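Comments concern the structure below.
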Amino acid sequence: MLGFMKKEDIEHLATLARIRLTEKEKEILPEELTSIVSYVSTVSGIVADDEKATPEVGVRFNIFRKDEVTNASDEFTEDIMAEMPSAEGRFLTVKKILHTGD
Amino acid sequence: MKTISDLRAKFITGDYTPVDAVEEALAVIKEKDGNIHAFLDVYEDALGEAEKATKEYKEKGKDIPPLLGVPIALKNNILVKGRKATGASKILENYKAVYDATIVAKLKEAGAIIVGATNMDEFAMGGSTENSAFGPTKNPVDTERVPGGSSGGSAASVAMGAVPVAIGTDTGGSIRQPASYCGIVGFKPTYGAVSRYGLMAMGSSLDQAGPLTNTVADAELVHDIMSGLDKMDGTTIDKDTYPELPVKEKYTFGVPKHFLADGIDPDVLQAFNDHIELLKKAGHEIVDIELPLFEQGLASYYIVMPAEVSSNLARYDGIRYGHSAEGDTLLDVYEKSRAEGFGAEVKRRILLGTYVLSAGYYDAYYGKAELVRKKMREELKEVFKKVDVILTPTTPTPAFKLGEKSDPLAMYKQDIFTVPVNLTGVPALSFPMGEVERDKKSLPVGVQYIGPHGSDSKLFAIGKTIYDKRG
């Protein structure tokens, strides 16, 4: 059934959304989300099945500017680096994602 | 009640200076905010700017920027360089903004003095401020009740008398609903009127920033300063995007009576009907209108908004800034940082958004919701051929008690009148229409004036006549 959620569905969504859920959250969320999803499913009754829409977001237009540097070198570097959870020199450090050999 | 025009008049004569105003704002916060908790951060160093402003008034007299020396407060999802910008979330608890939002730059340019950052529902998700990671705000009118949300701290900061104006953001009613609950004026501009550069994105096809004030005139003044084309936000519009609408003596107001048939508090309905009578007496015309899709529209909001939330909040990953958890792998870091950093409502909406956007469901949910939005815009266009303004109560009830609404769906339905405005991108103004009694306390309730795209100035003109000049 469209919209009915089991614990496994929630676990799958949580992986897609990069959120680790606690066991307690995994117990509560299926019911909460099922009730919200069954409510929002009412949209399918408003419009015909074969109608399609392109998302429209306000009035759109392109903005062009000259391809030139607008800030001084290092103008923001220190402030931005100060917010990094982990850095080395002028680099942001992240976990290794490619593992070789071992 | 503080207004910008009063303050300015006093600043010019010198009877009362920006230093006095900022000192008073800080004193009010010190006295009341321990209980109210409208502020997440108070800028004591604002006094330095106030001294400069006071000097400028002495030297230049009248020829000074429009907000010089006026204390203001900003919702904490608005970036001010060097200040903490938390979005009321643990994931940004210690984050300091590295640049000014466009609206902040404009407000500073106009001379406003920012005295603090206000509390909100985490990442603007909620209607009560109870979703703040740093504890809820209380309604200054009745501290057992919520101030509304998500801009609850901004509304409370004005209602408690700390500042004459605070800035909020509105994705589904987050300026208008707290304005209604706290008995003040709130304005959601036409989509694109105000730049979102430097604002934490929630639902990008819905978000707008606007003022919360004591008078419509003040809301207009501040909105006019904040609005305008911005090369940093490609969705911004200029004054010529929509046709200018004539300001008239008498207007035609459309009332969607069928929409008000159920789910609305009888006392709120009474206050609304009284307001209609007042308009009739003033010579305006009231007509019945039908907006069937507006009633059903709320459901599409709870598809579009979480979909956009799930995309926009993907940036908070514990890597470049914000809370970062220890983990063995990169995936571990992502999952733990977000698990520890986000609150329950934020997680719920991200998961819901992930669901409606996932393969196989996209057409059934997001596609359909966008189609509903399109039809709502068409429906609205037809109605605005016949009426100048659509009238609804801002909220179906007065402010509810802290902890009263624990079911997410019940909370969502508070937004029934405000959400269609964001879905269609039109502007709306909320101001107090009366009071209802609860537990022997008078609680304010707001009326919402909805206009067509680009009718922002016209709504202010009408609001000034009806609210600012009320007897």
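The values are calculated or read from the model by the stated rules, or taken from the named source; none is laboratory data. None of the values given here were measured: they were computed from a predicted structure. Neighbour counts are summed over all protein chains in view; Cβ atoms, including those assigned to glycine, are modelled from backbone coordinates with ideal geometry. The area values use the complete protein model at the heavy-atom level, side chains included, leaving out ligands, DNA and RNA. Shrake-Rupley method; radii C 1.70, N 1.55, O 1.52, S 1.80 Å.
Data overview
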{"item": "Selection count, the stretch B:315-366, where residues are open to solvent by 20 Å² or more (accessible area, probe 1.4 Å), among the β-branched types (Val, Ile, Thr) and not in a loop (DSSP other than H, G, I, E, B)", "result": "1"}
{"item": "Among (1) open to solvent by 10 Å² or more (accessible area, probe 1.4 Å); (2) of a type outside the set (Phe, Trp, Tyr); (3) farther than 18 Å from B:Thr129 by Cβ; (4) touching a residue at least 24 places away in the same chain (Cβ under 8 Å) - the single one B:Lys96 does not satisfy", "result": "(4)"}
{"item": "Top-ranked residue of the stretch B:39-97 - restricted to ones that are in a strand (DSSP E or B) and under 23 Å from B:Ile225 (Cα atoms), ranked as nearest to the chain's Cα centre (by Cα)", "result": "B:Lys75"}
{"item": "Members of the stretch B:225-240 that are open to solvent by 40 Å² or more (accessible area, probe 1.4 Å), under 18 Å from B:Ser204 (Cβ atoms) and not hydrophobic (A, V, I, L, M, F, W, C)", "result": "B:Lys231"}
{"item": "Strands (runs of 3 or more DSSP E) fully within the stretch B:385-464 counting 2 or more residues that are surrounded by fewer than 22 Cβ atoms within 10 Å (Cβ to Cβ)", "result": "B:428-438, B:441-450"}
{"item": "Pairs where the first residue, in the stretch B:226-237, is in contact (Cβ under 8 Å) with a residue 60 or more places away in the chain and the second is of a type in the set (D, E, K, R), C-beta under 6 Å, 6+ apart", "result": "B:Met226/B:Lys106; B:Asp233/B:Arg196"}
{"item": "Residue that is farthest from the other protein chains (Cβ to nearest Cβ) [pool: residues in the stretch A:1-47 that are open to solvent by less than 50 Å² (accessible area, probe 1.4 Å), assigned to a loop (DSSP other than H, G, I, E, B) and farther than 13 Å from B:Tyr355 by Cα]", "result": "A:Leu21"}
{"item": "Residue within the stretch B:377-389 that is at the interface with another protein chain (Cβ under 7 Å from one of its Cβ atoms) and free of Cβ contacts under 8 Å to residues at least 40 places away in the same chain present", "result": "no"}
{"item": "Cβ pairs under 8 Å, 6+ apart, first in the stretch B:298-327 and at the interface with chain A (Cβ under 7 Å from one of its Cβ atoms) and at positive phi, second modelled with pLDDT of 95 or more and part of a helix (DSSP H, G or I)", "result": "B:Gly318/B:Ile91; B:Gly318/B:Val333; B:Gly318/B:Tyr334; B:Gly318/B:Lys336; B:Gly318/B:Ser337; B:Gly318/B:Arg338; B:Gly318/B:Gly341"}
{"item": "Single unsatisfied condition, B:Ala399 versus (1) touching a helix residue (DSSP H, G or I) at 6+ places or on another chain (Cβ under 8 Å); (2) under 24 Å from B:Ala314 (Cβ atoms)", "result": "(2)"}
{"item": "Any chance B:Ile289 is β-branched (Val, Ile, Thr), under 25 Å from the mean Cα position of the chain (by Cα) and open to solvent by less than 80 Å² (accessible area, probe 1.4 Å)", "result": "no"}
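One line per residue, one yes/no per condition, for (1) open to solvent by less than 10 Å² (accessible area, probe 1.4 Å); (2) in contact with a Phe, Trp or Tyr (Cβ under 8 Å, 6 or more places away or on another chain):
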residue: B:Pro136; (1), (2): no, no
residue: B:Ser154; (1), (2): yes, no
residue: B:Val165; (1), (2): yes, no
residue: B:Val185; (1), (2): yes, yes
residue: B:Gly192; (1), (2): yes, no
residue: B:Pro211; (1), (2): yes, yes
residue: B:Val216; (1), (2): yes, yes
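So that you can scan it fast, the table gives a plain yes or no per residue for (1) closer than 28 Å to A:Lys6 by Cβ; (2) at pLDDT below 95:
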| site | (1), (2) |
| --- | --- |
| B:Gly263 | no, yes |
| B:Ala271 | no, no |
| B:Ala299 | yes, yes |
| B:Ile303 | yes, no |
| B:Gly318 | no, no |
| B:Phe342 | yes, no |
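Quick grid of which residues meet (1) of a type in the set (Lys, Arg); (2) under 30 Å from B:Pro71 (Cα atoms); (3) in contact with a Ser or Thr (Cβ under 6 Å, 6 or more places away or on another chain); (4) at pLDDT below 90:
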{"residue": "B:Ala219", "(1), (2), (3), (4)": "no, yes, yes, no"}
{"residue": "B:His223", "(1), (2), (3), (4)": "no, yes, no, no"}
{"residue": "B:Asp240", "(1), (2), (3), (4)": "no, no, no, yes"}
{"residue": "B:Gly254", "(1), (2), (3), (4)": "no, no, no, no"}
